[in-house]
Amino acid sequence: MTKYSTELKIEIVSKYLNHEDSIKGLAKQYNIHWTLIRRWVDKAKCQGLAALSVKHTKTTYSSDFRLNVVRYYLTHSIGVSKVAAKFNISDSQVYNWAKKFNEEGYANRKVGLGKCLKRVRRQLKS
């Protein structure tokens, strides 16, 4: 179960977008950290309110998709949050993929940026 329902997210973002309250005011009113509300607003601005819906399935991403996200992050001078909102993924995924890419480089993209290092090394040996 998710911590915040889709309806609550839409309600809060709509109040902000309709200039009913500030992000910090809404954060205080709903007892939610303001940075989380900022992420919801960014996501809604990029992809619409439908992007705030709660996902109930685990999503796996291809290595090409991961690489495209990392390339976009590295070539555009916008933050992790904006990139995550654009691709409808979490901030931590963008950060972790970029970190893996910086550590392992482009050569390991075939085995996937999200694989554990043991598996990567095993595949490279064979």
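Under the simplified labelling scheme, the Lys28-Val80 pair shows an inter-label distance of 2.9 nm, with each label point 7 Å from Cα along Cα→Cβ. Our estimate of slack between Thr6 and Thr59, defined as 0.36 nm per intervening residue step minus the Cα-Cα distance, is 17.3 nm.
Does the range 58-109 classify as rounded, prolate or oblate by the C-alpha gyration tensor (a ≥ b ≥ c root eigenvalues; a/c under 1.5 gives rounded; else a/b over b/c gives prolate, otherwise oblate)? In terms of gyration-tensor shape, oblate. With a/c under 1.5 counting as rounded, go ahead and sort the range 6-52 into rounded, prolate or oblate using the C-alpha gyration tensor (a ≥ b ≥ c being the square roots of the eigenvalues; past the cut-off, prolate if a/b is larger than b/c, else oblate). It comes out prolate by the Cα gyration axes. Karplus-derived 3J(HN,Hα) values for the range 38-54, using 6.51 cos²θ - 1.76 cosθ + 1.60 with θ = phi - 60°, are 4, 4, 4, 5, 4, 5, 5, 5, 6, 10, x, 5, 4, 5, 7, 5, 7 Hz; glycine and proline are entered as x. Among the GluC sites (Glu not before Pro) within the range 5-45, those in coil by DSSP and having at most 16 neighbouring Cβ atoms inside 10 Å are Glu20. For the range 18-33, the Karplus equation 6.51 cos²θ - 1.76 cosθ + 1.60, evaluated at θ = phi - 60°, returns couplings of 8, 6, 7, 6, 7, 4, 5, x, 5, 4, 5, 5, 9, 6, 10, 4 Hz by residue, with Gly and Pro reported as x. Charge dipole of the range 58-109 (Cα centre as origin; +1 on each Lys and Arg Cβ, -1 on each Asp and Glu Cβ, all else neutral): 100 debye, rounded to the nearest 20.
Taking 0.36 nm per residue of separation and subtracting the Cα-Cα distance, what length does fully extending Asn18 through Leu36 add? Write down the numbers at each step before the final one.
On the way: separation 18, 0.36 × 18 = 6.48 nm, distance 1.82 nm.
Result for the pair: 4.7 nm of gain on full extension.
Read-outs throughout are calculated quantities, based only on the coordinates presented, and are distinct from any laboratory measurement. Bear in mind that the values here come from a model prediction, so they are computed numbers and not experimental data. Here the Cβ is made from the backbone with ideal geometry for all residues, glycine too, and neighbour counts use every protein chain on show.
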